[in-house]
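Trainee: Mind having a look at this structure? Questions to follow.
Rule-based calculations on the coordinates, nothing more; no lab input. It should be emphasised that the depicted structure is a prediction, and the values quoted were computed from it without experimental measurement. Cβ: placed from backbone, ideal geometry, glycine included. Neighbour counts: every protein chain shown.
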Amino acid sequence: MDTLEMRCWDGHVLPGERINSPDPLFKCPACDKNLFIQETSGSLARDGGVRAKLDFWNYLKRVLPAAFFEERVSMGEGGTKLVDSTVNQGDAGERACFKDESQNPTRSYRDRAAALLVTHARILHCKEVFCASTGNMGASVSAYAARAGLVARIFSDRSIDIGKKAQIKTYGGVLFDSYPSMNDGMDDCLKHQMAEGGYQATAEFNPLSMLAQKSIAYEIVSDGFVPDEVYISIGNGGTLFSLWQGFDDLRASGAIPSTPRMIGASLSTEGPRISPLKESKYSQRDLMENAIKESGGDQITITEGEITGAISTLARAEGLFVEPATAAAYAALKKRANRESGLKRVVILTGTGLKAPSVIDALISKAPNSDLFVQTKMNLRLKILEQLQHAGPAGLHGYRIHASILEDIQCTKQAVYHHLKQMEEKNFVVVIARDEQGRTIYQLTEKGKEVLDLLSRLVDLF
Ligand SMILES: [Zn+2]
């Protein structure tokens, strides 16, 4: 086993054994900052990173005490395949490919960290795991906790993607998603975990999560691909930093000639609930910015329109259906692709589009032609959804909706009923009853609420 050490964000060094003591350290005792783990020996990269095929647990086996391997909670996470791009292959030596993390058991890269953290919780005999997450980590932790027979308590904000919410609840996770922001959710998660004594499985708080994510870098190189540039979407910055650490270990050990340029993609403005790009006060941006600088990389700003285009191209030219946040990384590649030829590039696709189906539906429906007709139609649907939101659980019938809308937009009753019918087919509204006059009463669905929120933001753009 290689020697491990833990460092805090201010550079204080602690012995690595503390990670598996009965009372694991999650904060630096000297300055209270978060910790990350570093291997101090290069043998890991030299022997395992290139000569042997490294799967996720074989990598961890080399750096962590044996108990982690023996007690592992696993569903075959990691070892995801590199997928060659169909459109970005150019001159000799040039190659672009995708590290498709949607191949993981719950369809996101967070399964790596969740498998390791839930294993750790089991080793420490914890009965409950606490995790603050915008969704993917919450879904992963819920699944692995279910497998280990532990209770998962997940703290998220109100804008959690519908697919992630469904996963958490179905895996039996206890979801608290009424927080106005992730900062509140993370504060509460810490508070409850400290008071109730369970395991802290929030990616930003637990140094093992970065170790798990580093395995992505090892797998890419172990698959025989040595990238010049790595593209990744950034939220709190921890994932980009983890990958950079992995590549930098490989460079230090001589397994690869240099650390690839790390290219981080972020949204230009607050996007339409593209959740993993949100930043919290527990941001790891300092580490991330340092990693980008050290690697000679770049941080690229992506607009909402570019994300929509990237989702579309990935699906229509590559056959890959990804969540909006992850599409930002591909949008960044498209922006830089022509700058320099002959490079090897890899785009990290963090999760599947099924995590945020209604957001993608709305983005793609809007994309093909944003002419006046589409805008008028969108505006009318927005008004109808707004009326239903005002009505709440009691719902409304079409006549009443039409009467209220007429104050703002000229339209026929038939048009209102036509749109209600179409939105019913898409599950944005649902028929809850008929009143005494036989009129159909409609109510807004959860999916409808999500789309209304998104539409309001889109209309604000015009
Ligand atoms: Zn410190």
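Trainee: Return one number: the angle in degrees, 0 to 90 and rounded to the nearest 10, between the long axis of the Cα atoms of helix 207-222 and the longest principal axis of the Cα atoms of the chain.
Mentor: 80 degrees
Trainee: Based on the alpha carbons, how large is the Rg to Rh ratio for segment 60-144 when Rh follows Kirkwood?
Mentor: My calculation puts Rg/Rh at 1.12.
Trainee: Could I ask something else about it? May I ask you to compute the full-extension gain from H418 to R316, defined as 0.36 nm times their residue separation minus their alpha-carbon distance, rounded to one decimal in nm?
Mentor: 33.7 nm
Trainee: If you take the beta carbon distance between A166 and T303 as r and set R0 to 22 Å, what does 1/(1 + (r/R0)^6) give as a FRET efficiency, to the nearest 0.05?
Mentor: 0.15
Trainee: Then there's this: Using only the alpha-carbon atoms, how far is helix 136-148 inclined from the longest principal axis of the chain? Give it as 0 to 90 degrees, nearest 10.
Mentor: With both axes taken from Cα atoms, the answer is about 70 degrees.
Trainee: Sort I256, I384 by Cβ crowding within 10 Å, fewest neighbours at the top.
Mentor: Going from sparsest to densest Cβ surroundings: I256, I384.
Trainee: To the nearest 10 degrees, how steep is helix 446-461 against the longest Cα principal axis of the chain, on a 0 to 90 scale?
Mentor: Result, in degrees: 90.
Trainee: Around S233, which amide H atoms from residues at least 5 apart in sequence, or from another chain, sit under 5 Å from its own amide H, with H modelled in the peptide plane?
Mentor: For S233, whose amide H was placed from the backbone, the distant partners under 5 Å are A265, A329.
Trainee: Per residue and in Å³, how big is the convex hull formed by the alpha-carbon atoms of the chain?
Mentor: 145 Å³
Trainee: Additional query: At D184 and S456, where each label point lies 7 Å from the Cα along Cα→Cβ, what is the point-to-point distance in nanometres?
Mentor: 1.5 nm
Trainee: When I401, I409, I311 are ordered from fewest to most other Cβ atoms inside 10 Å of their Cβ, what list results?
Mentor: Going from sparsest to densest Cβ surroundings: I409, I401, I311.
Trainee: Taking θ as phi - 60°, what are the ³J(HN,Hα) couplings along segment 289-302 by the Karplus curve (6.51, -1.76, 1.60), each to the nearest whole Hz, with x for Gly and Pro?
Mentor: Coupling constants for segment 289-302: 5, 5, 4, 4, 5, 4, 8, x, x, 7, 10, 10, 8, 10 Hz.
Trainee: A follow-up question, please. How high is the FRET efficiency between Q410 and R158 when r is their beta carbon distance and R₀ equals 35 Å, given to the nearest 0.05?
Mentor: Efficiency at R0 = 35 Å is approximately 0.55.
Trainee: Further question: Please arrange F241, F68 by how many other C-beta atoms lie within 10 Å of their C-beta, fewest to most.
Mentor: With the sparsest Cβ surroundings first, the list reads F68, F241.
Trainee: May I ask you to list the lysines whose Cα is less than 28 Å away from that of K33, ignoring any residue fewer than eight positions away on the same chain?
Mentor: Hits, sequence-local ones excluded: K61, K127, K191, K214, K278, K281, K293.
Trainee: Over the Cα atoms of segment 110-200, what radius of gyration and what Dmax do you get, in Å?
Mentor: When restricted to the Cα atoms of segment 110-200, Rg and Dmax are 11.7, 34 Å.
Trainee: I would also like to ask the following. Please list 3J(HN,Hα) in residue order for segment 177-194, calculated via the Karplus relation 6.51 cos²θ - 1.76 cosθ + 1.60 where θ = phi - 60°; whole Hz, with x for glycine and proline.
Mentor: 10, 9, 6, x, 9, 5, 4, 5, x, 5, 4, 5, 4, 4, 4, 5, 5, 5
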